[in-house]
Every structure is written in structure tokens, then in C-alpha cells.
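Throughout, read-outs are computed from the coordinates displayed, never taken from laboratory work. Bear in mind the structure is a predicted one, so any value in this text is a computation, not a measurement. In this analysis, Cβ positions are derived from the backbone assuming ideal geometry, glycine residues included, and neighbour counts consider all displayed protein chains.
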Amino acid sequence: MKRKITILMIIAVAFIALSFYGGHEYFRANADMADLKESVHADAVDLLNEFLNNDSLATKNYLGKILIIKGTLRELEKDEKGDYTLVLGEEGISSTIRCTMDAKHNQQSSALKKGTVIAVKGELTGFNADGTGLLGSDVLMNRCMVKDQN
């Protein structure tokens, strides 16, 4: 009987410890992008060309990494919640880099002007390839912030 109580106590303590750990991880906030060290500096057109030429190799090299991308602001999109997405790319090229702004740095976007050369810091999260060749492919970055603007 004493052994069963000991086993139940161990299970209860393990359950409580796992519950605290799970709650802590669930409510943990992302680190501020300004505090994270970037692993790659790249030009927007060069990065796009890497993905267009060999998307599997480029994905392997950049996925999940913090990048600083310098390029021309082609579009500034604002959704119904007021969140911004910066679209970097050159005129005449249908492929773009889409940078979804981090909530902490969202208001940096409101003063930006199309055609401005900017540097954006964010995490590369994917690549949407256009198999038809009609719409253009998109490199996707999340939790972005404006690092520099000219």
C-alpha cells in the first residue's frame, strides 16, 4: 500500500511540474527582433534569384534564420487589423519578398514611402513558388522590423 502511495505522489509531482512547464512555454513571448542577432545580410534581388534558381537549397540555407534584407519598397499593405506587410522587389519583376511586421514594430511602417530603399530584419519562414510563371514567387519573412531606410 505504501508503494502505491509513493508512486501516486511521484506521478502527481511530475504532472504538476509538467503543467507549470507547459503553461510557461504556452505563454512565453517571442524575443524582440531588435535584440536578435542576424545571421545573413542580403540584397533583395540576390535573395530572390537564389530562391528562383534553386529553392530547395535556398530554403535549406535560410529557413528559420534571422536576415537583414535591403531592397526597394514596392508596396505597403495594411490589413483590416492595422498590421502591415512590406513588399520588397524591383519593378518589372513579379517575384517579391513579403515581410510581415512584428506587432512591436508595426508602426514603423506607417511613414514609409513606396520606392524607398530600406533594410528589413526578420525571420525567413518560407517560399511560395509560382509553378505557372504568371503571378511570381514570394519569399516570406515574419516578425519583421525596419532596420534602416534611405
Rounded Å value of the spacing that divides the Cα centres of region 100-136 and region 47-70: 14 Å
Per DSSP, loop trypsin sites (Lys or Arg not before Pro) in region 38-92 with at most 13 further Cβ within 10 Å: K65, K81
Cα long-axis angle, helix 2-27 against the chain (0 to 90 degrees, to the nearest 10): 20 degrees
Most positive-pole-ward Cα, T96, G136, V120, against dipole of region 66-150 from beta carbon charges: V120
Dipole magnitude of the chain, debye to nearest 20 (Cβ charges: Lys/Arg +1, Asp/Glu -1, about Cα centre): 1040 debye
Ranked packing of 16-28, 135-147, 91-103, most packed first, by mean Cβ within 10 Å: 135-147, 91-103, 16-28
Positive minus negative residues near A111 (Lys, Arg vs Asp, Glu; Cβ under 14 Å): +2
Candidates T72, T59, T132: whichever shows maximal mean-square fluctuation once the chain is modelled as a Gaussian network with Cα springs under 10 Å: T132
Positive-end extreme of charge dipole, region 1-52 - chosen from F51, I7, M33 (charges on Cβ): I7
Nonlocal amide H pairs with S137, under 5 Å, H built at 1.01 Å: S95, T96, D130
Range of Cα positions in the chain per principal axis (Å), largest first: 78, 35, 30
Nearest 10 degrees, 0 to 90: helix 44-53 Cα axis against the chain principal axis: 80 degrees
